[in-house]
Amino acid sequence: MTDVLMAILVAGFTSGALYALATVGLSLVWGSMGMLNMAHAAMLTLGGYVAFTVITSLGLPIAIGFAGAILVGAAAGAILYFAIVRNLLKNDKSTFESNVMIATVGIGIALENAILLIYGGQPLKQPVSIAGAFRLGPLTLPWQNLMIIAVVVVMMVVVSLALGRTRMGRAIRATAQNRDAAQLMGVAVNRVYLQVLMLSGALAGICGVMVSSMTQLSPPLGNDPMLKAFIMCVVAGLGNLPGAVAAALGLALLESFVQYALGARWGFPSLLFVVIAVLIWRPSGLFGRAEIRRM
Amino acid sequence: MTSAVAKPPVLQLDAIVSGYDGLEVLKGISLTVNAGEFVTVVGPNGHGKSTLLKTISGLVPLRGGQISIDGQRLSGKPHETAMLGVAHVPQGDMLFAQMSVLENLLMGAYLAPDKAEIKRRLDEVYTLLPKLADRRNQIASSLSGGERRMAGIGRGLMMGGRILLIDEPSLGLAPLIIDQVYGVIAELSKVGRTILLVEENPARVEDLADRLHLLDDGAIVWSGKPAELMARDELLATYLGG
């Protein structure tokens, strides 16, 4: 029984770590810009393919593959800002949220199809994997899962330090909390938006490498984690970063337990059930605050 | 009250026009604030006082006329206006609610050149507003109304700007707290800070302001010394309801 419980916990924490990484990227963009980035899934997929190309086609070390995924993810965020977001921000602010959502749906589809054209639709094996397991008495912990959890923990610490301790991070948080006040302090909010999209893109890139290391590379790779990350964002309260991490871990553990107890097909419906219940009980999410809009 | 004789102008407004969507709120306002001077704009609610400050700081776009700081024309972008030394303490404080008092103050010094300068400004603010030092680790949303106002002023001071724009500092506060807030503003004026303050009640600034402008329906209808306005019962009755 203990090893079954441990297997569920390890699977839950691994999925939770991956969801947290995807969720933080989404939540960061929503919280600071009011933008739901529907291209996040495609950016995640892009990261996985970049690492694959760097390691397999170019024959470079795995660390360079990681770095490539981070850099290309950040560059994709920058391109998204300069090509789409900056121009939409010049228009009526009240239409930004809906327009940017539609625009990023298009960008996501285009990117996914570009990947399909270049790499084909056949699943590919991500070379970032570690065989074997760490054994401690009756416990068996796969190195691959431990590596994923470790990478995600490192990324979370880096993001927390960047947001909490740096001037750039303070400007991002200030813009998220009160955009006008941040501008009055001298913060160039457009530069903050660029930084946020680059940071989110970098997180998506590394998330793509991790997700594909557990499954396989395919053009729709990012869709499932993106959908679940969105559910977790809503459960936590859109824009709430610590809440997003807590929701990601909690829901991933729930999903693992439900999959074990009721069968794999009940995992996703259980998440949907939770999100519906939360939206009825607390429409602003578990950790969100009600938004009052002056009409 | 400070003497402004032969002091150079810090802020100059030349026939500025601004508003929201189809509504024109400011209809050609011109005024000057000289170095070290305390100038107040008074007027009833909804006649453009806050819009005036927001237009100067760039939050509301300028539609006509021009605004200069130290002779340099403003671009209309709020962050560039802040770089030129305009420190706006907005109505309702607009603090960063989920940040601590200290983080709010540090955001005020966002453009400060180095850590030594930030520390100097922080020491200055804590000396003037010692309660902020006691509350430095408290989350801004948990502060009382008076403390929030002090934090807003402190954050404005941390900007180390050429001019402080203060929007209705007495709004929503108990009389005792209003006295404390104006006590701090009086201290700032004494040490030579250049201040443009908007207020509904002219009695609040009677002993503080060097000059006063009366704003009505987006236009300046009278200018002079505060004591002169307080002696004009017909003006007070017509524009400020007595």
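Every number in this text was worked out from the coordinates using simple rules, so none of it is lab data. These figures come from a predicted structure and were not determined experimentally. Glycine gets a Cβ as well: all are built from the backbone with ideal geometry, and neighbour counts include every protein chain shown.
Give me the angle, in degrees from 0 to 90, between the Cα long axis of helix A:40-52 and the longest principal axis of the Cα atoms of chain A, rounded to the nearest 10.
50
On average, how many beta carbons from a partner chain sit within 10 Å of the beta carbon of a residue in A:164-173?
Numbers: counts 1, 0, 0, 4, 0, 0, 7, 2, 0, 5.
Rounded to a whole number, the mean comes out at 2.
Excluding same-chain residues fewer than 8 positions from A:Lys93, which lysines have a Cα within less than 19 Å of its Cα?
Cα-Cα hits under 19 Å: B:Lys54, B:Lys77.
Give me the net charge for the shell around B:Gly92: Cβ to Cβ below 10 angstrom, other residues only, Lys and Arg +1, Asp and Glu -1.
Values: positive: B:Arg148, B:Arg149; negative: B:Asp93, B:Asp167, B:Glu168.
Net charge in that neighbourhood comes out at -1.
Taking B:Lys7 as the anchor, which lysines have their alpha carbon closer than 17 Å to its alpha carbon, excluding any fewer than eight residues away along the same chain?
Partners within reach: B:Lys190.
Using a basic spin-label model with each label point 7 Å from the Cα along Cα→Cβ, how many nm lie between A:Ala110 and B:Ser141?
Distance between the two pseudo-spin positions: 3.8 nm.
Cα convex hull of the protein assembly as shown: how many Å³ per residue? Could the numbers behind the result be given before it?
On the way: hull volume 96.4 nm³, N = 537.
Given the Cα convex hull of the protein assembly as shown, per-residue volume reads 179 Å³.
In degrees between 0 and 90, to the nearest 10, how far off the longest principal axis of chain A does helix A:96-119 point, with axes built from Cα atoms?
Tilt relative to chain A: about 40 degrees.
Considering only A:Leu136, A:Leu89, A:Leu71, give the residue with the highest GNM mean-square fluctuation for chain A, with springs between Cα atoms whenever their separation is below 10 Å.
Highest fluctuation of the listed residues: A:Leu136.
To the nearest 0.05, how large is the calculated FRET efficiency for B:Glu234 and B:Glu124 if R₀ is 35 Å and r is the Cβ-Cβ distance?
Numbers: r = 43 Å, r/R0 = 1.24.
For B:Glu234 and B:Glu124, the calculated efficiency is 0.20.
Beyond 17 Å, what share of the Cα-Cα pairs of region B:92-160 is found? Please give it as a whole percent.
Details: 703 of 2346 pairs.
Distances greater than 17 Å cover 30 percent of the Cα pairs.
What is the Cα centroid distance between region B:177-242 and region B:93-150, reported in whole angstrom?
So the separation of the two Cα centres works out to 27 Å.
Quick check: residue separation of A:Val153 and A:Ser270 times 0.36 nm, minus the Cα distance between them. What number comes out in nm? Could you put the intermediate results ahead of the total?
On the way: separation 117, 0.36 × 117 = 42.12 nm, distance 2.60 nm.
Result for the pair: 39.5 nm of gain on full extension.
How far is helix A:2-33 tilted, in degrees, relative to the longest principal axis of the Cα atoms in chain A, given as a value from 0 to 90 rounded to the nearest 10?
Its long axis makes an angle of about 20 degrees.
Using the beta-carbon distance between A:Ile102 and A:Asp180 and R0 = 30 Å, what value does 1/(1 + (r/R0)^6) give for FRET efficiency, to the nearest 0.05?
Approximately 0.70, to the nearest 0.05.
What full-extension length gain, to one decimal in nm, is calculated for A:Leu60 and A:Ala133 as 0.36 nm per residue of separation minus the Cα-Cα distance?
Details: separation 73, 0.36 × 73 = 26.28 nm, distance 2.53 nm.
So the extension gain works out to 23.8 nm.
Can you sort A:Met185, A:Met198, B:Met83, A:Met35 from fewest to most other Cβ atoms within 10 Å of each residue's own Cβ? Kindly include the intermediate steps, with their values, before the conclusion.
Working: A:Met185 29, A:Met198 20, B:Met83 15, A:Met35 26.
Fewest-to-most Cβ neighbours within 10 Å comes out as B:Met83, A:Met198, A:Met35, A:Met185.
Averaging sequence separations of C-alpha pairs under 8 Å and six or more residues apart, then dividing by the length of chain A, give the relative contact order as a whole percent. Intermediate values should be presented prior to the final figure.
Numbers: 472 pairs, mean separation 105.8, N = 295.
Across chain A, relative contact order equals 36 percent.
So which helices of chain B fit the span-like rule, where a helix is a whole DSSP H run, its Cα atoms reach 15 Å or more along the axis, and its mean Kyte-Doolittle is at least -0.5? Walk me through the numbers on the way to the answer.
Numbers: long enough: B:115-128 (20 Å, -0.80); B:145-158 (20 Å, -0.36); B:175-190 (22 Å, 0.80).
Those that pass (Cα extent of 15 Å or more, hydropathy at least -0.5) are B:145-158, B:175-190.
Hey, what do the phi angles of region A:181-197 turn into as Karplus ³J(HN,Hα) couplings, whole Hz, using 6.51/-1.76/1.60 and θ = phi - 60°, x for Gly and Pro?
Per residue, the Karplus-derived 3J(HN,Hα) values read 5, 4, 5, 5, 7, x, 7, 7, 5, 5, 5, 4, 4, 4, 4, 5, 5 Hz.
If you average the sequence gap of Cα pairs under 8 Å that are 6 or more apart and divide by the length of region A:167-295, what percent do you get for the contact order?
On the way: 89 pairs, mean separation 23.6, N = 129.
Relative CO of region A:167-295 lands at 18 percent.
Per DSSP H run of at least 4 residues, take -39500 (n - 2.57); add these up for chain A, divide by its residues and hand me the 222 nm value, nearest 500 deg cm²/dmol.
On the way: 12 runs with 210 residues, N = 295.
Mean residue ellipticity, 222 nm, calculated: -24000 deg cm²/dmol.
When only DSSP loop residues count, what trypsin sites (Lys or Arg not before Pro) in region A:1-106 have their Cβ near at most 13 other Cβ atoms within 10 Å? All intermediate terms of the calculation are to be shown ahead of the outcome.
Numbers: sites: A:Arg86, A:Lys90, A:Lys93; in loops: none.
When the trypsin sites (Lys or Arg not before Pro) of region A:1-106 are filtered for loop state and at most 13 Cβ neighbours within 10 Å, nothing remains.
Partner chain Cβ atoms within 10 Å, averaged over the residues of B:101-111 - can you pull that number for me?
That average works out to 4.
Suppose a student asked you for the relative contact order of chain B, using Cα pairs under 8 Å spaced at least 6 residues apart; what percent would you report? Intermediate values should be presented prior to the final figure.
Values: 493 pairs, mean separation 67.8, N = 242.
For chain B, the relative contact order is 28 percent.
Could you tell me which residue out of A:Thr140, A:Ala150, A:Gly263 lies farthest along the dipole of the protein assembly as shown toward its positive end? Charges go on the beta carbon: Lys and Arg +1, Asp and Glu -1, centred on the Cα centre.
About the Cα centre, the residue reaching furthest to the positive side is A:Thr140.
To make sure I understand the rule: partners must be aspartates and glutamates, Cα under 18 Å from the Cα of B:Lys27, and not fewer than 8 residues away in the same chain. Which ones qualify?
Leaving aside aspartates and glutamates fewer than 8 places away in the same chain, those within reach of B:Lys27 are B:Asp14, B:Asp216, B:Asp217.
Rg/Rh for chain A: what does it come to with C-alpha atoms and Rh from Kirkwood?
Working: Rg = 19.1 Å, Rh = 19.6 Å.
Reported Rg/Rh, Kirkwood definition of Rh: 0.97.
Which trypsin sites (Lys or Arg not before Pro) in region B:141-242 sit in a loop by DSSP (not H, G, I, E or B) and have at most 15 other Cβ atoms within 10 Å of their own Cβ? Before the final figure, lay out the partial values.
Values: sites: B:Arg148, B:Arg149, B:Arg155, B:Arg162, B:Lys190, B:Arg193, B:Arg204, B:Arg211, B:Arg232; in loops: B:Arg162, B:Arg193, B:Arg232.
Taking region B:141-242 and a limit of 15 other Cβ atoms within 10 Å, the loop trypsin sites (Lys or Arg not before Pro) found are B:Arg232.
Over the Cα atoms of region A:78-236, what Rg and Dmax result, in angstrom?
Rg, Dmax (Cα atoms, Å): 19.1, 62.
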